[in-house]
Amino acid sequence: MSSHDVVELILRDHRRMEDLFRTMRNVEADRATALAEFADLLIAHASAEEDKVYPALRRHKNVDGDDVDHGVHEHEEGNEALLALLEVEDTASQEWEDKLEELVTAVNHHMDEEERTLLNDARENVADDRRAQLGTAFREARARYLETNCGSVENVRKLVAG
């Protein structure tokens, strides 16, 4: 399996997000730093998927276009939950814990669904070389977003406002 495979790259980000959730749930951890990394990663990851991966999968006959639309909808829900957490100032507060759990629920639900539908379909039906091309495009787009501080509360507000 090539490290350029778009499916593998997306899965690697999903596993990193789960690691960051574990850190954010830990009262002893530096939650603010973990959230900042998570916010950048979530926004860069989802934006790169919507720019480069979803349009290509939508054109593929063996990938369900409704699954792609649903993925975009779930990205919007994830962004709203992320914004709600970013706007809580005290990482030791109950409100922070509550908003974190809402974010975890939204994002885990999306990752689970995306892995079972879109990513499985892509792995089975999209040729290796095409997945590698998409992986390169995804990685480059993701890197460009990461350079722009895309997970800042100001930027997430803009995204949620649409």
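The values are calculated or read from the model by the stated rules, or taken from the named source; none is laboratory data. On a predicted model such as this, the values are computed, not experimentally measured, just so you know. Ideal geometry is used to build each Cβ from the backbone, glycine not excepted, and the neighbour counts take in all protein chains shown. Accessible surface areas use protein heavy atoms only, side chains included; no ligands, DNA or RNA. Shrake-Rupley method; radii C 1.70, N 1.55, O 1.52, S 1.80 Å.
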Would you mind estimating how fast region 19-116 diffuses translationally, via Stokes-Einstein at 37 °C and 0.692 mPa s with the Kirkwood radius over Cα pairs, in µm²/s? 230 µm²/s
Rounded to the nearest 500, the 222 nm mean residue ellipticity computed for the chain from DSSP H runs (n ≥ 4, each -39500 (n - 2.57)) alone is -24000 deg cm²/dmol
Could you tell me the center-to-center distance, by alpha carbons, between region 1-30 and region 93-162 in angstrom? 11 Å
Cα-projected label distance for E76 with D129, points at 7 Å along beta-carbon direction, nm: 3.8 nm
Packing-ranked peptide list from 15-28, 49-62, highest mean Cβ count within 10 angstrom first, is 49-62, 15-28
Relative to the longest principal Cα axis of the chain, at what angle does helix 6-25 sit, 0 to 90 degrees, rounded to 10? 10 degrees
One finds, for N62 and S3 with R0 = 30 angstrom and r their Cβ-Cβ distance, a FRET efficiency to the nearest 0.05 of 0.80
Between 0 and 90°, nearest 10: helix 31-48 axis offset from the chain longest Cα axis: 30 degrees
With every protein chain in place, region 1-152: carbon and sulfur % of accessible area (1.4 Å): 45 percent
Specify the angular offset, from 0 to 90 degrees and rounded to the nearest 10, of the alpha carbon long axis of helix 128-146 from the longest principal axis of the alpha carbons in the chain. 30 degrees
Relative contact order in percent for region 60-162 (Cα pairs under 8 Å, 6+ apart) equals 41 percent
